[in-house]
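To start, the structure itself, in structure tokens.
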């Protein structure tokens, strides 16, 4: 048996608050998280030179079935808290040789089961569009990494486990969070979006938890409820959590650990039931190293992570997204729009720092600027040419003059060279019109304009 523990399981148990470890079929300890190490003594077997723990002696593998739990015994720890000891037998590499051990209370059993299930890799052949829930249809793409994120998010919707969605701005984190909520058992309750970076530090506590009457100057006479009140039995989205101040992080951690909060000016602990989804465009692990983000809060939020790739890493989805946005606008404008191949070439060459959100804005701009149903490069915003010129040259062999600093002139030069290139390739004006995706009238206007 190989004793190398799969990294995915190490990451899973490292980030949970319960004592947890991974052992082999001989009850040798392969990995423990800090919580386990702090609660239970570990010893080295003199004969096998392997690490063991006395608490594991009562394990009976025969009582376990694949991915199901079995309670071994109830333990009474030094703090007099009772904990049920349960284990999972996982089928790894088609051989039941690794044990994923967890200690948790009965009410946590459902979420723990979900964590184990979602830790197992999702096979690419399972990414079938017909299996995607309707709530996730707004997220369009065929890129493997993107589809994996959607199907993992769909799994996450089945549980109350906290989810951290990471990715650059404009990749669809808020839309994905909404889909997870709508596909969950909490769909009939509110989804409250809290922008952690936008709330002033002086107001953060009252905004999150509300305040009692007379709590501070300018407060409403009757007091006010906060975001956690509004999200009760629903979901709260902590948007851009990486931008939250350390003071805000401390207040959030307190309510996440206890499930209760006090209003500003109040003394009563108020119990709240919320599902936590957080999002960030920053590297939280790096912020932890820089002492700008609390590690304990990170562990609370990062029970499960979903990464949305940037658009430049899923260029095969650009055409799909363009069609999706066009259809959305067509329903409003009652007009059948289409991007010409030349215009699509420009879109495919751009690096999209604003990701899907930026692409949607460009499509809307082009629709409004286009003189007819065919959208040409001249209808695209000028910044696409100035920033995508080098990429366009590399992929299409067309270059605006390097000396030209005028955006309009550079756009005209690029359009002219695209037409020249297509004419040279086709040696036929009818074929060129078809390849450019423009009307005959527009084509001959361009021919006359550029003297071709």
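Remarks
- Among the conditions (1) buried (at least 18 other Cβ atoms within 10 Å of the Cβ); (2) closer than 27 Å to residue 445 by Cα, the only one that residue 365 does not satisfy is (1).
- Residue, surrounded by the fewest Cβ atoms within 10 Å (Cβ to Cβ), within the range 297-310, restricted to residues that are more than 13 Å from residue 242 (Cβ to Cβ) and modelled with pLDDT of 90 or more: 307
- The one condition from (1) free of Cβ contacts under 8 Å to residues at least 60 places away in the same chain; (2) surrounded by fewer than 19 Cβ atoms within 10 Å (Cβ to Cβ) that residue 169 does not meet is (1).
Yes/no matrix, rows are residues, columns are (1) under 25 Å from residue 175 (Cα atoms); (2) within 19 Å of the chain's Cα centre (by Cα):
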site	(1), (2)
291	no, no
298	yes, yes
302	yes, yes
305	yes, yes
309	yes, yes
325	yes, no
328	yes, no
339	no, no
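- In the range 331-358, the residues that are assigned to a loop (DSSP other than H, G, I, E, B) form Cβ pairs under 6 Å with partners that are modelled with pLDDT of 90 or more, at six or more places apart or across chains, as follows: 337/326; 351/312; 352/311; 352/312; 352/358; 354/170.
- Residue in the range 131-146 that is surrounded by the fewest Cβ atoms within 10 Å (Cβ to Cβ), counting only those that are more than 20 Å from residue 327 (Cβ to Cβ) and without any contact (Cβ under 8 Å) to a residue 60 or more places away in the chain: 131
The values are calculated or read from the model by the stated rules, or taken from the named source; none is laboratory data. Quantities reported herein were computed from a predicted structural model and do not represent experimental measurements. When we count neighbours, we look across all protein chains shown, and the Cβ atoms used for this are built from the backbone with ideal geometry, even at glycine.
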